[in-house]
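A.B. asks: Here it is: the structure, laid out below.
The values are calculated or read from the model by the stated rules, or taken from the named source; none is laboratory data. Given the structure is predicted, the values throughout are model-derived calculations rather than measurements. Virtual Cβ from ideal backbone geometry, glycine too; neighbours counted across all protein chains shown. Surface areas here come from the heavy atoms of the whole protein model, side chains and all, with no ligands, DNA or RNA. Shrake-Rupley method; radii C 1.70, N 1.55, O 1.52, S 1.80 Å.
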Amino acid sequence: MIFKKIIVTFLVLCAVTAFAQENLIVNTQNRKQVSLNGTWHYIIDPYETGFYDYRYKEKGEKDAEAYWNNPEPNGKTDRKEHGYNNDYSIQVPGDWNSQDDVFKYYEGTVWYQREFDKPKLDENERIFLYFGAVNYEAHVYLNGKKLGMHKGGFTPFNFEISPGMLKDKGNFLVVKVDNKRYADEVPTLNTDWWNYGGITRDVKLIITPQNFIQQYAIHLKQSQDIEKSLKRKRFNISGYFKLNTTAAEEKITIEIPEIGFKENVDIRDSEGSFDLEAKKLELWSPENPKLYKVMFTLGEHTLTDKIGFRKVEVSGKDVLLNGKEIFMRGISIHEEIAPEIRRAKNSADADKLFGWAKDLNVNMVRLAHYPHNEYMTRAADSLGLLVWSEIPVYWTIDFKNDEVLEKAKKQLDEMIIRDQNKASVIIWSVGNETPVSEARTKFMKSLVMHAKEKDDTRLISAALEVGYNRGRNYIDDPLGEYTDIVSVNEYLGWYGDLPHAKVKSKWETAYDKPLFFSETGAGAKGGFHADKETRWSEEFQEWYFEETLKMMENMPENFTGLSPWILVDFRSPKRNNPKYQEGWNRKGLIDDKGNKKKAFFTLKKYYEKKEEEYKKR
Ligand code: GCU
């Protein structure tokens, strides 16, 4: 009997987690909501005592000693060996590592708990519990009942709360968060970034009508000839709607008031896809990040969003935005606020990081190595920054494991569904520096094809491997056959040889596609000055960039830009030089105190020159 129960539980769990992305609600910031951000209570539970009994079996739902059950003692004789109180408080959103030294290196389970009162609901309204992200595995319980679980540290998820589950006052919400690393997860055991754990992004109750638009995409139709559309000032826009249930209504009205656009989409027999024509659209670009208020009406409910329209494509060796060749003046960024040593999590953090990026005169950011919080992609939309967005298929993933491929695809779906209406996002990256093998290329090709199927309006890439072994920089990574652009991380002069070797190096690709440097960089301890050959000095890093920029004067004509590694120094447990690193990766152009290093200005000057050059084209 017990065996059958375990099988049933497992199947139910798979069902809940397997389709999490299908139930994902997008554009939550413009929906009716109640924030659950703020002070929660916690229990650190490295032995998972709150989840398993002393025979290491998962505790039953009603087990009074399970940490998802309210531990209020029933009288003075009652024995309770867990509890939540204000002496153990933690802020949400936020990684736990930065909130108390006890968490700095912690990898394991932390139980989060808070209470909330039932919000006022109109007739037939529904409630969903939404998490911007939890790193890495979350099990969510309400009033002792399991709502579901989610794996993946950087993408959103939500669970419906059926009205019967809610009390008027004091609903007991518990989340088991576990950030332990495993070989068969995404990412795997080995990463060059800090494993910040916790409920790292916003938590909110989303309140919806009985029937509502759960997901949608609206963009310029990829197949249109953009030159012709620009000339005629008439554009094809297409996309789809996904309702949460089959609606009684027969149509959704799309309005873009600024251009007098109002069209009905019949949702009776199609899956809600549409192909319409809009006049007088002003296209989005870094130079003119035009966003329109778009309104979607289903029945008597209207959902608004701010959306830009643009077309990105590859034409031979070039990347075109709205039909014009672009050069990507990029910078790579981790989702981290260095001075406070914590995960970035809100719009102020996005403004800070992008403020520095704009100082550098970039038109593009590589949000490495995982989907950043939605404040970043919303800010990129309004600031006019092209975005490379990536899932953490990083280094030595278990490529032979089909379940790992499903985990990667699920994170890819969640990333695409959340941000497919952000004009700034032009590249979906399916991974970074994965070692070439037959299994790896099959795994990665499957991700590339899956991304193309989900979204034909963006370029698909990954940081590929460089075949230095031929005594020249020859890029023939087999995955390059499937990606739209050929991107590589190059470190000549830092990992091997010295910067002056760069100018002699020639680059060639086995693919007639745009070539992009997704990383290039060198380390320097901010404020350490010496002659340029002294490793870790700011002068060495400056020399590296000077030589890199010289090398880029002789790049092949398919060279379409770079996103140097990296905007700001970031924490990494792999960087342990006791004098220059101390747990920091020092390749930032800005140090962990927010001071710009000399190389920052070298790159800035180069970008100013490139901007002028492309303005004249
Ligand atoms: C790699 C990797 C980065 C890493 C960097 C470095 O290319 O993609 O995540 O931090 O190199 O070595 O600093």
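A.B. asks: Are any of the residues in the stretch 573-595 within 16 Å of the ligand (Cβ to nearest atom), among the hydroxyl-bearing types (S, T, Y) and closer than 27 Å to D512 by Cβ?
C.D. replies: no
A.B. asks: State yes or no: is K609 free of Cβ contacts under 8 Å to residues at least 24 places away in the same chain, closer than 15 Å to R329 by Cβ, open to solvent by 10 Å² or more (accessible area, probe 1.4 Å) and away from the ligand (no atom under 16 Å from the Cβ)?
C.D. replies: Yes, satisfied.
A.B. asks: Here's a check for you: in the stretch 197-225, which residue that is in contact with a helix residue (DSSP H, G or I) (Cβ under 7 Å, 6 or more places away or on another chain) and more than 22 Å from L291 (Cβ to Cβ) is least open to solvent (accessible area, probe 1.4 Å)?
C.D. replies: Filtering first and then ranking leaves I206.
A.B. asks: Next question. Name the single residue, out of those in the stretch 178-235 being closer than 29 Å to A338 by Cα and in a strand (DSSP E or B), that is farthest from the ligand (Cβ to nearest atom).
C.D. replies: The qualifying residue farthest from the ligand (Cβ to nearest atom) is K204.
A.B. asks: Determine which member of the set E538, E546 is farther than 25 Å from L464 by Cβ, more than 16 Å from the ligand (Cβ to nearest atom) and in contact with a strand residue (DSSP E or B) (Cβ under 6 Å, 6 or more places away or on another chain).
C.D. replies: Just one listed residue meets the conditions, E538.
A.B. asks: Another question, if that's okay. If we keep just the residues of the stretch 486-534 that are open to solvent by less than 10 Å² (accessible area, probe 1.4 Å) and in a loop (DSSP other than H, G, I, E, B), which is farthest from the ligand (Cβ to nearest atom)?
C.D. replies: The extreme case among them is P514.
A.B. asks: For G164, state whether it is of a type outside the set (S, T, N, Q), without any contact (Cβ under 8 Å) to a residue 60 or more places away in the chain and either farther than 29 Å from D413 by Cβ or out of contact with any strand residue (DSSP E or B) (no Cβ under 6 Å at 6 or more places or on another chain) (or both).
C.D. replies: So G164 passes the test.
A.B. asks: If we scan the stretch 134-148, do we find a residue that is on the phi < 0 side of the Ramachandran plot, touching a strand residue (DSSP E or B) at 6+ places or on another chain (Cβ under 9 Å) and within 16 Å of the ligand (Cβ to nearest atom)?
C.D. replies: no
A.B. asks: Of all residues in the stretch 145-157 being open to solvent by less than 10 Å² (accessible area, probe 1.4 Å) and farther than 15 Å from K180 by Cα, which is farthest from the chain's Cα centre (by Cα)?
C.D. replies: The selected residue is G148.
Residue by residue, here is whether (1) within 15 Å of the ligand (Cβ to nearest atom); (2) within 22 Å of R201 (Cα to Cα); (3) open to solvent by 10 Å² or more (accessible area, probe 1.4 Å) holds:
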| residue | (1), (2), (3) |
| --- | --- |
| A344 | no, yes, no |
| L367 | yes, yes, no |
| I391 | yes, yes, no |
| W395 | yes, no, yes |
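A.B. asks: Within the stretch 413-439, track down each residue that is in contact with a helix residue (DSSP H, G or I) (Cβ under 8 Å, 6 or more places away or on another chain), within 16 Å of the ligand (Cβ to nearest atom) and open to solvent by less than 10 Å² (accessible area, probe 1.4 Å).
C.D. replies: Within the stretch 413-439, V430, G431, T434 meet the criteria.
A.B. asks: I want to confirm something. Restricting to the stretch 561-572 and keeping residues that are under 17 Å from A522 (Cα atoms) and in a strand (DSSP E or B), which single residue is nearest to the ligand (Cβ to nearest atom)?
C.D. replies: Across the stretch 561-572, the extreme among qualifying residues is F570.
A.B. asks: If only one of K279, K317, K242, K228 is over 26 Å from S35 (Cβ atoms), surrounded by 13 or more Cβ atoms within 10 Å (Cβ to Cβ) and not acidic (D, E), which one is it?
C.D. replies: K317
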